[in-house]
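Encoded as structure tokens, the structure appears first; notes follow it.
The values are calculated or read from the model by the stated rules, or taken from the named source; none is laboratory data. Please read these numbers as outputs of a predicted model, since none were measured by experiment. Glycine also receives a Cβ, built like all others from the backbone with ideal geometry; neighbour counts cover every protein chain displayed. Side chains included, ligands, DNA and RNA excluded: accessible areas come from the protein's heavy atoms. Shrake-Rupley method; radii C 1.70, N 1.55, O 1.52, S 1.80 Å.
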Amino acid sequence: MASDVVIVRVPQVSATERRAWPPLRERLAPPLPSRGLAGWVGPLAILLLGGYLRFRNLGEPRTLVFDETYYAKDAWSLLRTGYEHSWPDKADAAVVAGHPSFLDRASFVVHPPVGKWVIAVGEWLFGMNAFGWRFMLALLGTLSILLVARIARRLTRSDLLGVVAGLLLAVDGLHLVMSRTALLDGVLMFWLLAAFGCLLLDRDQTRARLAAIAERQPERLAGSGPRLGWRPWRIAAAVFLGLACATKWNGVWYLAGFAALVVLWDLGARRAAGVRHPCTRLVPDALTTGTVFFGIGLAVYLASWAGWFATDGGWDRRWADTHPAAGLATLVPDALRSLWHYHAAMWHFHTTLRASHPYMSHPWGWLVLARPVSYFYENQNVTGCGGDPCVREILALGTPALWWLAAAALPYLAWRALARRDWRASAVLLAVAAGWLPWFLYSERTIFYFYAAAFTPFLVLAATLTLGTILGPPVPGPRRTWGAITAGLLVLLVVLSFAYFHPLFVGDPLTTSEWNNRMWLRSWI
């Protein structure tokens, strides 16, 4: 792989340290630019900014917003009984009034439980109110800013670009909205980002281990090379991916994609370390990685249904009692047969959903913000805008300057991945593709732009890598100066774009004319 890519920052270590650093190890796992607290100061500062934006007036509006009407109530019944219940008519008004009361019968739900259990933690801590059901999403959204900053730092070996990535995610409109509403996609996004971070740590540790073997025991590089040993970060990634699948099923695309990524990274590491026949380990590595990822992922997924297994009232919980097994199916426990039947019904729902919705959109338009989703709109008795009349809206819309920059960055990264064999570009592109491209298979289904929340951090990483190229290598001169000016202006444009649209992200009052001025495209209305 090319090691002289522009976006790789030169580590800021002393000349003495650099002379002492083994050449092979520097090529396989180059040192990070700073050590100790120095690499945390910038990301933590951005974390505080992002946390303020996400927790400010989190309990407003006090009503159930958009699909919160499903997930906040499902989370409450999970917390109280271990499975999702049906709710009476006009239950939303009762919930807002502080009198939540569900019916004594199960509800047919079409998503696994983990995301709703996460929401339930906030309700357990703060009660069944708007702040309670949004708390955990705001917390995970804030922590994801720190994650993306540290991930970008490890990708680029640059403290500066790590801070830039964290800042870009902190001021993205879609990420902000999803961090302030109790929907599942923000939870899914966090698990996927955490898994990606774990895989980067695993990659660095594995390559450093191979470099040490090459330096001290070069004879072990003969044949297919050494085994790579215990890899706790890979196991952690598999757990996070299992949690992602147990939040929404589309996490399975990431599980498969990230498993393939690990196998290819291991192949590249063996080749870079000088293993004589690295391809002979390809099949064993693929089998081992597949077993770890899919085995742990399945175990985590089944464990997420513990509340359903432990009770008798969940949907289809006793289906097997009235449907005797035959043949080999008799070897399967009744509880698992009932769960399989339930999943068949869920699959049928997801693959046949054709209901029309005013905010449904085709995946082609997601990156260019063709059709955002209005979560909340109010134009009656609204005050506080300094004019008349006033309106309030929460619009799930990415910060335009950031999303259009990321959309332009993706073709550039594709070129780097193909022409320069840049592993960073390939990894980020795969993460975007795993969250975006599968929806084209179901484009006839009712789907929405906010599903893009799952891969929003990876769009931010794509924009950051491109900004790193624009910035150029840290060598004084006109190239660096003009690169810094250009990259800085682009970041400033993103921040100003976010500030302009911020009232639409959090439901702050606007005059009608101010609201109209922000509807840049007719499809946003």
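Across all directions, the shadow cast by the convex hull of the chain built on its C-alpha atoms averages 27.8 square nanometres. Ranking Ala38, Met128, Leu331 by how far each Cα lies toward the positive end of the dipole of the chain (charges on Cβ) leaves Ala38 at the top.
As an exercise, use a Förster radius of 51 Å and the Cβ-Cβ distance of Leu353 and Leu492 to find the FRET efficiency, rounded to the nearest 0.05.
Details: r = 42 Å, r/R0 = 0.82.
It comes to 0.75.
Calculated FRET efficiency, Arg56 to Ala433, Cβ-Cβ distance, R0 = 35 Å: about 0.55 to the nearest 0.05.
On the principal axes of its alpha-carbon atoms, the stretch 105-242 has extents of 65, 42, 23 Å, going from largest to smallest. Fully extending the segment from Ser86 to Ala326, taken as 0.36 nm per residue of separation minus the present Cα-Cα distance, adds 83.1 nm. Measuring r between the beta carbons of Ser443 and Ala212 and using R0 = 60 Å, the FRET efficiency lands at 0.75. When the solvent-accessible area of the stretch 436-525 is split by element, carbon and sulfur atoms take up 71 percent of it, the probe being 1.4 Å. Computed as a quarter of the hull surface, the mean projected area of the alpha carbon convex hull for the stretch 168-265 stands at 7.7 nm². Length gained on full extension, Ala484 to Arg522, computed as 0.36 nm times the residue gap minus the Cα-Cα distance: 10.1 nm.
Between the C-alpha center of the stretch 197-247 and that of the stretch 387-414 there is a gap of 37 Å.
Which percent of the accessible heavy-atom area of the stretch 69-146 goes to carbon and sulfur, probe 1.4 angstrom?
Within the stretch 69-146, the accessible surface is 60 percent carbon and sulfur.
Accessible surface for the chain, divided over its residues, is 42 Å² per residue with a 1.4 Å probe.
Tally up the carbon and sulfur contribution to the accessible surface of the stretch 203-324 as a whole percent, 1.4 Å probe, everything protein left in place. In the stretch 203-324, the share of accessible area belonging to carbon and sulfur is 67 percent. Dipole size of the chain about its Cα centre, with +1 on Lys/Arg Cβ and -1 on Asp/Glu Cβ: approximately 2200 debye, rounded to the nearest 20. Taking Cβ separations below 4.7 Å as the criterion for a possible disulfide partner, the isolated cysteines in the chain are Cys198, Cys245, Cys279.
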